[in-house]
Amino acid sequence: MPGAIYAEGLVKTFGDVRALDGVDLDVPEGTVLGLLGPNGAGKTTTVRCLTTLLRPDSGRAEVAGLDVLKHPNEVRRSIGLSGQFAAVDEYLTGRENLQMVGQLYQMTAQAAKARAGELLEQFNLADAADRTAKTYSGGMRRRLDLAAALVVSPPVMFMDEPTTGLDPRNRQMLWEVIKQLVSGGTTLLLTTQYLEEADHLAHDIAVVDHGRVIARGTSDQLKARTGGERVEVVVHEREHMSDAAEILAGFGKGETTVEEHMRKLTVPVTGGAKLLAEIIRELDVRGIEIDDIGLRRPTLDDVFLSLTGHVAEVNDENGKEAAE
Amino acid sequence: MSAVSDAVRIAPPGNPISQSVRDSLVVAKRNLIRMSRIPEMVIFGLVQPIMFVVLFTYVFGGSMKIGGSTSSIDYKNFLMAGIFAQTVTFATASAGAGIADDMHKGLIDRFRSLPMARGAVLTGRTLADLVQTALTLLVLAVVALLVGWRVGSDGDTNIGKVLGAFGLLLLLGYAFTWIGALIGLTVRTPEAATSGGLIWLFPVTFISNAFVDTSNMTPWLRHVADWNPFSATVQACRELFANPGISASDAWPMQHPVWASLIYSVLIVAIFRTLAVRKYRSATA
């Protein structure tokens, strides 16, 4: 049975640009899929196709068990969308924004009003509820936008780069909100350029590049694909480096890399923490003083580099996908 | 966040027409609240037509020849229908700019992801502009009375006819906001929508009977002016206000201006509403 979000062979071209080149996705109910990729990879286009905003040239998609192309209006009843921009009317108050969205989801005026009040409390906006959104900070606007997407507690949520442009404190706050939301059973598709964010929030990650899903799995699985763990040692004295390299070679499963100027040695290992303890003991016995030592697992940055052959181009200034 | 699990029930799809009316009113209300919070926009919208009334009356008034008379009183009475009609068409720019702004800020995306009636975002906007146009007309009529405009200056009229004339003006303004809606969905920025909404209005409102007697134009230009939808409404207003300067042209719209005005406006709504709603359905920010 297909999941709450399902896509098969989505293709979308804009003129010469093939924004989507056969995207396949399957998100089981109640889970979070992180769509990870650089600018222009096709993340936003995928979200737009799944949320009925854009008609794919070919392919099939289902959301909440409904065919997106055949029953767009029914799909719209079951989804919440928080786009790249905080789509709130800045001349309306927070409360008026939420009431309007509620009514347009076909709630009665009274129900929309009650729901707006609840959400303002929940998103910590109650004090600012009757101020126009123009006076809100970036983080508050984002929260209001997210609240608007949650007016009907839709079973399926889409968030397109929800934390792009937010400062770390607000990003942390939004992560908490998203985690709570997911613990309530909502299925979520989240796009992000922040590898850390996908690692933090998503059960599953799909790496997108040039309009295709090029890798799929849990964060751990993707990291394992890139290669195993490694031990990094920074020695205190430069003259100890060759001794340390000798020790590491004895434990390592591959070539030791030496970064002379940083007094840092790295070696791939298997055996984890136990091995680390042995290395420390051996270094101690030989009287080699160390500044730092650790077991490093590959980051999603490493994953991205090994999958795509180029680093993820995170552009903090504007999170817009260039191709669109 | 326990409330998330208590799914808020959405009403089952109701009658599509009543849903469309309801959604349009929700969006209209939103736009009216917006307008009330940006009063400077409303005020600037008023200054321009008032300026036109004063400038045309006092600068051109003495030298314009209307139906054999050069009296400035006659020109005032001739002029007002033209100024009123020109003013209502300026709502085109405001509708266009409003919709372009919504596109630009991602609000159109939000609306398009909601289970709402397809045409409601645009209908709501055009209805809000209609309210603004009505207010502008009211203020303008008062200013016109202050500078000496009088209905029934050239024959008999009654309150019903005068209200009918204002009705035709509002309908013309409403029709033109749909052209503005299409422009707003087509251009990329609110600034472009404002200028794109205004520029073509100058030839439309000047190649007409609004400010001059068309019988003094070159024949081909006069032909254009006589068949200009805008002229029909101006002629209808002069007839209904019983103001001087009713064109003696044989052209059908000039002979039956009330009908012509109604037909033109309804046609413009039908054509541009269809185009704009189609455009909206595939709109991409």
### Query
When the residues of segment A:124-146 are filtered to those that are closer than 21 Å to B:Ile33 by Cα and of a type in the set (Gly, Ala, Ser), which remaining residue is surrounded by the most Cβ atoms within 10 Å (Cβ to Cβ)?
A:Ala133
### Message
Can you find, within segment A:60-90, the residue that is surrounded by the fewest Cβ atoms within 10 Å (Cβ to Cβ) among those that are out of contact with any strand residue (DSSP E or B) (no Cβ under 7 Å at 6 or more places or on another chain) and facing chain B (nearest Cβ under 7 Å)?
### Response
A:Asn73
### Task
Tell me, please, whether a residue that is on the phi < 0 side of the Ramachandran plot and touching a strand residue (DSSP E or B) at 6+ places or on another chain (Cβ under 7 Å) can be found in segment B:35-48.
yes
### Query
Within segment A:268-293, how many residues turn out to be on the phi > 0 side of the Ramachandran plot and in contact (Cβ under 8 Å) with a residue 24 or more places away in the chain?
1
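Which one of these is closer than 30 Å to A:Phe123 by Cβ, of a type in the set (Gly, Ala, Ser) and modelled with pLDDT of 90 or more: B:Ser5, B:Ser20, B:Ser36?
On the way: B:Ser5 fails: modelled with pLDDT of 90 or more; B:Ser20 fails: closer than 30 Å to A:Phe123 by Cβ.
That would be B:Ser36, the only listed residue that is closer than 30 Å to A:Phe123 by Cβ, of a type in the set (Gly, Ala, Ser) and modelled with pLDDT of 90 or more.
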### Query
Has segment A:184-192 got any residue that is surrounded by fewer than 19 Cβ atoms within 10 Å (Cβ to Cβ), under 13 Å from A:Val303 (Cα atoms) and in contact with a Gly (Cβ under 9 Å, 6 or more places away or on another chain)?
no
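Out of B:Leu163, B:Leu130, B:Leu114, B:Leu145, I need the residue that is away from chain A (no Cβ under 14 Å) and either crowded, with 18+ Cβ neighbours inside 10 Å or closer than 30 Å to A:Gly102 by Cβ (or both). Which one? Let's see the steps before the verdict.
Working: B:Leu163 fails: either crowded, with 18+ Cβ neighbours inside 10 Å or closer than 30 Å to A:Gly102 by Cβ (or both); B:Leu114 fails: away from chain A (no Cβ under 14 Å); B:Leu145 fails: either crowded, with 18+ Cβ neighbours inside 10 Å or closer than 30 Å to A:Gly102 by Cβ (or both).
Criteria check complete, one pass: B:Leu130.
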### Message
With surrounded by 13 or more Cβ atoms within 10 Å (Cβ to Cβ), of a type in the set (D, E, K, R) and in a strand (DSSP E or B) as the only criterion, which of A:Glu278, A:Glu232 stands out?
### Response
A:Glu232
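Conditions tested, residue by residue: (1) assigned to a helix (DSSP H, G or I); (2) without any contact (Cβ under 8 Å) to a residue 12 or more places away in the chain; (3) farther than 30 Å from B:Pro190 by Cα.
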{"site": "B:Gln235", "(1), (2), (3)": "yes, no, yes"}
{"site": "B:Asp250", "(1), (2), (3)": "no, yes, yes"}
{"site": "B:Ile263", "(1), (2), (3)": "yes, yes, yes"}
{"site": "B:Thr274", "(1), (2), (3)": "yes, yes, no"}
### Query
Just checking, which of A:Arg142, A:Arg212, A:Arg171, A:Arg225 is under 26 Å from A:Gly42 (Cβ atoms) and in contact with an Asp or Glu (Cβ under 7 Å, 6 or more places away or on another chain)?
A:Arg212
#### Entry: Top-ranked residue in segment A:153-177 [being crowded, with 24+ Cβ neighbours inside 10 Å and β-branched (Val, Ile, Thr); ranked as farthest from A:Ala4 (Cα to Cα)]
A:Thr163
### Summary
Checked A:Gly138, A:Gly42, A:Gly65, A:Gly83 against criteria (within 25 Å of the chain's Cα centre (by Cα), modelled with pLDDT under 95 and over 30 Å from A:Ala7 (Cα atoms)); the one match is A:Gly138
#### Entry: Test result for B:Leu201, aliphatic (A, V, I, L, M) and modelled with pLDDT of 95 or more
no
### Task
Inspect segment A:30-41 for any residue being within 23 Å of B:Lys105 (Cα to Cα) and crowded, with 23+ Cβ neighbours inside 10 Å and give the result as yes or no.
yes
### Task
For segment B:38-50, indicate whether the set of residues that are within 14 Å of another protein chain (Cβ to nearest Cβ), β-branched (Val, Ile, Thr) and part of a helix (DSSP H, G or I) is non-empty.
yes
## Note on the structure
For segment A:127-185 the number of residues that are more than 10 Å from chain B (Cβ to nearest Cβ) and assigned to a loop (DSSP other than H, G, I, E, B) is 12
#### Entry: Every residue from segment B:233-254 that is buried (at least 22 other Cβ atoms within 10 Å of the Cβ), small (Gly, Ala, Ser) and under 16 Å from B:Ile66 (Cβ atoms)
B:Gly245, B:Ser247
### Residues (free of Cβ contacts under 8 Å to residues at least 60 places away in the same chain, assigned to a helix (DSSP H, G or I) and within 17 Å of the chain's Cα centre (by Cα)) located in segment A:209-229
A:Asp220, A:Gln221
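Under the condition of being assigned to a helix (DSSP H, G or I) and surrounded by 19 or more Cβ atoms within 10 Å (Cβ to Cβ), which residue from segment B:51-66 is modelled with the highest pLDDT?
If we filter segment B:51-66 for residues that are assigned to a helix (DSSP H, G or I), which is where we start, we get B:51-60.
Still in the list and also surrounded by 19 or more Cβ atoms within 10 Å (Cβ to Cβ): B:53, B:56-57.
Values: B:Val53: 88, B:Phe56: 85, B:Thr57: 84.
Once the filter is applied, the top-ranked residue is B:Val53.
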### Which listed residue is away from chain A (no Cβ under 12 Å), among the basic types (Lys, Arg) and either out of contact with any Gly (no Cβ under 6 Å at 6 or more places or on another chain) or closer than 25 Å to A:Pro72 by Cβ (or both), from B:Lys65, B:Lys76, B:Lys105
B:Lys65
### Query
Just one of the numbered conditions (1) under 26 Å from B:Gly119 (Cβ atoms); (2) assigned to a strand (DSSP E or B); (3) not aliphatic (A, V, I, L, M) is not true of A:Glu8; which one?
(1)
### Message
Let me confirm something: among A:Ala198, A:Ala244, which residue is touching a strand residue (DSSP E or B) at 6+ places or on another chain (Cβ under 8 Å), buried (at least 20 other Cβ atoms within 10 Å of the Cβ), within 24 Å of A:Phe85 (Cα to Cα) and away from every other protein chain (no Cβ under 14 Å)?
### Response
A:Ala198
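If you check A:Thr93 against the conditions, is it touching a residue at least 40 places away in the same chain (Cβ under 8 Å) and either buried (at least 16 other Cβ atoms within 10 Å of the Cβ) or among the polar types (S, T, N, Q) (or both)? Reasoning before the result, please.
On the way: touching a residue at least 40 places away in the same chain (Cβ under 8 Å): yes; either buried (at least 16 other Cβ atoms within 10 Å of the Cβ) or among the polar types (S, T, N, Q) (or both): yes.
So A:Thr93 fits the description; yes.
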### Task
Answer with yes or no whether A:Met173 is in the same structural domain as A:Leu125 (by the TED database), farther than 27 Å from A:Arg77 by Cβ, at pLDDT 90 or above and in contact with a Gly (Cβ under 9 Å, 6 or more places away or on another chain).
no
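The values are calculated or read from the model by the stated rules, or taken from the named source; none is laboratory data. None of the values given here were measured: they were computed from a predicted structure. Glycine gets a Cβ as well: all are built from the backbone with ideal geometry, and neighbour counts include every protein chain shown.
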